[in-house]
Amino acid sequence: MTQPPRAPAEHVERVLCVLAHPDDVDFGSAGTVATWTAADTEVTYCIVTDGDAGGFDETPRSQMGPLRQAEQRAAAAAVGVTDVRFLGYPDGRLELTLDLRRDISRVIRQVRPQRVLTSSPERFWDRIGASHPDHMTVGESTLRAVYPDARNPFAFPELLADEGLEAWTVSEVWLGASPRADHPVDVTEMVDRKLAALHCHVTQVGHNPDIDAFVTGWMRQTAKRFGLPNGRLAEAFHVVHTA
């Protein structure tokens, strides 16, 4: 018999957001993150690359990574996040590897989140821009880290033996930019904080004077798709229950 859909937890103590690049969390999820921090949920960002392959000007590549790290820390602060971690993988060249699974599993065991937010590992054919290979790779790697790696004490035993990191089971995963999105979050009251976060990413959005209108229109369409009242703004996720 088909089980009725399960709603996500109304409140959790800790959330870990695992994304490929600086700015990924802000484009898709910063409004939602702001609702969580406003409700006293502790949120940690784990950014897999430094974003050194991004930008729209002649900034030397050696400078782009540090610039984007600083931008992400400022953007995080705008939505109430102070714990921002970078794994330092090469931007644009991520692959599914055991090393990446281990490194994400390490952060899961350190943070011990009840909820993980990451990008969908599925290609979104109607919005191909959402399906950057790095996004899909991080989404799949994070799901593999959630299940089975982080919860299995015999997976990557060095995490326990050498670092004392006990196994940890994540209860739910929220997938952004998913063709299966089933859970909207009304972020209307947090839009100013989200836009402030986006504006911190000067190297990525400074060339676009229409960024506010673009992002707000995108969220308005999402709200309409899920039947929210006129004038509301939303971000949407595919919620996967993993415990």
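The values are calculated or read from the model by the stated rules, or taken from the named source; none is laboratory data. None of these values were measured; they are calculated from a predicted model. Neighbour counts are summed over all protein chains in view; Cβ atoms, including those assigned to glycine, are modelled from backbone coordinates with ideal geometry. SASA here: full protein model, heavy atoms, side chains in, ligands and nucleic acids out. Shrake-Rupley method; radii C 1.70, N 1.55, O 1.52, S 1.80 Å.
Of the heavy-atom accessible surface of the chain (probe 1.4 angstrom), what whole percent is carbon and sulfur? Intermediate values should be presented prior to the final figure.
On the way: 6080 of 11530 Å².
Looking at the chain in its full context, I get 53 percent from C and S.
Could you work out the relative contact order of the stretch 189-243? I mean the mean sequence separation of Cα pairs under 8 Å and 6+ apart, divided by the number of residues, in percent. Taking the mean separation of contacting Cα pairs over the length of the stretch 189-243, I get 22 percent.
Extension gain for H207 to D182 (0.36 nm times residue separation, less C-alpha to C-alpha distance): 5.7 nm. Could you give P(r) for the stretch 106-243, binned at 5 Å from zero, as whole percent values over all Cα-Cα pairs? Once binned at 5 Å, the Cα pair distances of the stretch 106-243 give 2, 10, 15, 16, 18, 16, 10, 7, 4, 2, 0. Evaluated with a Cβ-only charge set (Lys, Arg +1; Asp, Glu -1), the stretch 90-224 carries a dipole of roughly 240 debye about its Cα centre, given to the nearest 20.
With unit charges on the beta carbon (Lys/Arg positive, Asp/Glu negative), name the residue among F237, M64, V33 whose Cα is farthest towards the positive pole of the charge dipole of the chain. Comparing the listed Cα positions along the dipole, F237 ranks first.
A Förster radius of 41 Å, combined with the Cβ-Cβ distance separating W125 from Y147, puts the computed FRET efficiency at roughly 0.95.
Which is the longest run of the chain containing none of the GluC sites (Glu not before Pro) found in DSSP loop states (not H, G, I, E, B) with at most 12 other C-beta atoms within 10 Å? That would be 167-243. Under the simplified labelling scheme, the E13-D40 pair shows an inter-label distance of 1.3 nm, with each label point 7 Å from Cα along Cα→Cβ. Ranked from largest to smallest solvent-accessible area, with a 1.4 Å probe on the protein heavy atoms, H132, H199 come out as H199, H132.
Among T216, T44, T59, which one moves the most in a GNM of the chain with springs linking Cα atoms closer than 10 Å? Residue with maximal mean-square fluctuation among T216, T44, T59: T59.
Find me the longest stretch of the chain that has none of the exposed chymotrypsin sites (Phe, Trp or Tyr not before Pro), where exposed means in a DSSP loop (not H, G, I, E or B) with at most 12 other Cβ atoms within 10 Å. Provide the component values of the computation, followed by the final result.
Details: sites that count: F56, W125, F154.
Formally, the longest exposed-site-free interval is 155-243.
Checking (1) 22.8, 76; (2) 17.4, 59; (3) 17.7, 55 against the coordinates, the calculated Rg and Dmax of the Cα atoms in Å falls under label (2).
Per residue, the accessible area of the chain comes to 47 Å² when a 1.4 Å probe rolls over the protein heavy atoms.
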